[in-house]
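The values are calculated or read from the model by the stated rules, or taken from the named source; none is laboratory data. Small disclaimer: the values here were computed from a predicted structure and weren't measured. Neighbour counts run over all protein chains shown; Cβ positions are idealised from the backbone, glycine included. Surface areas here come from the heavy atoms of the whole protein model, side chains and all, with no ligands, DNA or RNA. Shrake-Rupley method; radii C 1.70, N 1.55, O 1.52, S 1.80 Å.
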Amino acid sequence: MQSDDAVLSLIFKRRDQHSFFGRREDPYKLGLAVEGGSMRAVVTGAMVAALEHLDVLNTFDVVYGSSAGASNAAYFLAQQANQGIRIYLDYLSGRQFIRASAILHGRPPVNLDYLYFEVMKRRITLDWQAVTASPIPLKVLASRVPEGVLDVLEAFESQDDLLRALHASSQMPLVAGAPFSYRGRFYWDAHLLDPKGIQTAIADGCTHILVLRSRPEGLRPRRLNPVEQLLIAPYIRKYSPSLADNFLSRFDQGTNNGAPGLSSQPFISELAPSLGSPDINRLEHRRDRLMAGAFSGMEAILDRFPSGPDLKGRVRQAFADVAEGSRSDLSACPVVR
């Protein structure tokens with residue numbers, strides 16, 4: 001059996017058995033790893049929204065989130081993924097979140113404080129107590145500065161504690177500012193060290209890993225652009241030479257920091273939008289482009305998970321309603337029991 005088949009088969013089997021964390025009939029550890037990518041994470045946000053309606057949350061034993069994917073993972077565990085997708089479409093598609101002119105005033109162009117302490121705290125409030133009460137742990141990844149090591153942030157004690165951890169995981173060098181302080185340490189975006197969360201899931205003992213990717217299948221490895229070479233890399237180096245070296249070498253090698261050279265286990269299945277789907281820019285703010293990315297993420301899940309045509313149709317219609325500005329509630333779509 002190929003890795004992809006092994007992971008999806010385990011998910012389907014557990015769903016059909018109504019398996020729950022702590023009461024498994026198998027010896028495996030199944031992890032969900034959610035990739036971010038700033039605004040590109042609208043794709044994985046739609047993926048977890050689709051998974052929510054396919055009733056597979058309880059099949060997982062642990063959920064990992066990298067960068068903005070950590071926020072998507074949190075809304076998924078809180079069973080609010082349908083609301084989480086709206087953050088990108090209704091609150092981050094304007095100029096309050098991304099404002100290039102801020103550079104002229106000495107401020108970073110991306111305002112993460114607005115996202116975490118206004119939108120997620122007051123407007124589309126993340127149910128942090130549901131996250132912490134879930135038997136399925138959320139593990140938020142972040143790159144520690146200046147040490148240049150990846151930390152796993154967990155065991156959240158309050159709403160602000162969780163929101164600050166999510167902020168730390170998403171703090172992009174220069175674009176969002178200096179390293180972010182959390183629990184007495186300083187952090188940058190997890191994308192610098194483990195963008196997909198695969199390495200962390202392997203080290204954590206997962207036997208099966210479902211990875212949700214934010215870029216379409218079949219794309220050539222991304223290379224550094226001039227801004228990253230001339231501005232961001234030197235900025236990282238001021239704080240952490242080791243992180244700067246990793247940043248440069250990873251892109252020079254054309255890799256995505258995955259998990260090369262693995263044997264048959266752990267089994268890894270990476271789901272991504274199909275080739276030809278829109279490749280969303282990390283700083284995209286146009287609502288129509290973000291919605292196109294959300295549709296591609298939704299379809300990537302519906303294509304691989306068996307469900308009836310009626311349910312697929314309702315999920316697609318709910319996304320279409322959001323695209324038309326009706327702010328339709330995806331929770332109106334029943335889950336598969």
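A few comments on the model shown:
- Between V63, V48, the distinction of being touching a Phe, Trp or Tyr at 6+ places or on another chain (Cβ under 6 Å) and at pLDDT 95 or above belongs to V48 only.
- When region 240-274 is limited to residues that are assigned to a loop (DSSP other than H, G, I, E, B) and at pLDDT 95 or above, the one that is nearest to the chain's Cα centre (by Cα) turns out to be A272.
- Selection count where residues are in contact with a helix residue (DSSP H, G or I) (Cβ under 7 Å, 6 or more places away or on another chain), part of a loop (DSSP other than H, G, I, E, B) and either modelled with pLDDT of 95 or more or open to solvent by 40 Å² or more (accessible area, probe 1.4 Å) (or both), scope region 27-45: 3
- Complete set of residues in region 67-94 that are aromatic (F, W, Y) and either open to solvent by 10 Å² or more (accessible area, probe 1.4 Å) or free of Cβ contacts under 8 Å to residues at least 40 places away in the same chain (or both): Y88, Y91
- Scanning region 316-337 for residues that are modelled with pLDDT under 80 and in a helix (DSSP H, G or I) yields A318, F319, A320, D321, V322, A323, L330, S331, A332.
- Conditions (1) closer than 14 Å to H53 by Cβ; (2) in contact (Cβ under 8 Å) with a residue 40 or more places away in the chain: number failed by L283: (1)
- Scanning region 208-239 for residues that are assigned to a helix (DSSP H, G or I) and touching a strand residue (DSSP E or B) at 6+ places or on another chain (Cβ under 7 Å), we see that the one that is most open to solvent (accessible area, probe 1.4 Å) is Y239.
- Inter-residue pairs, beta-carbon under 7 Å, first within 15 Å of D61 (Cβ to Cβ) and in contact (Cβ under 8 Å) with a residue 40 or more places away in the chain and in region 205-227, second open to solvent by 70 Å² or more (accessible area, probe 1.4 Å) and not polar (S, T, N, Q), 6+ apart: T207/Y28; H208/Y28
- Residue check for A102: within 18 Å of the chain's Cα centre (by Cα), without any contact (Cβ under 8 Å) to a residue 40 or more places away in the chain and open to solvent by less than 40 Å² (accessible area, probe 1.4 Å): no
- Cβ-Cβ under 6 Å pairs, at least 6 apart or on other chains, region 188-204 side among the polar types (S, T, N, Q), far side crowded, with 24+ Cβ neighbours inside 10 Å: T200/Y64; T200/L141; T200/D194
- Given (1) buried (at least 21 other Cβ atoms within 10 Å of the Cβ); (2) among the β-branched types (V, I, T); (3) within 15 Å of the chain's Cα centre (by Cα); (4) at pLDDT 95 or above, index of the condition V131 fails: (3)
- Residue in region 146-155 that is open to solvent by 50 Å² or more (accessible area, probe 1.4 Å) and in contact with a helix residue (DSSP H, G or I) (Cβ under 6 Å, 6 or more places away or on another chain) present: yes
- For region 286-307, a tally of residues being open to solvent by 40 Å² or more (accessible area, probe 1.4 Å) and either part of a loop (DSSP other than H, G, I, E, B) or in contact (Cβ under 8 Å) with a residue 40 or more places away in the chain (or both) returns 5.
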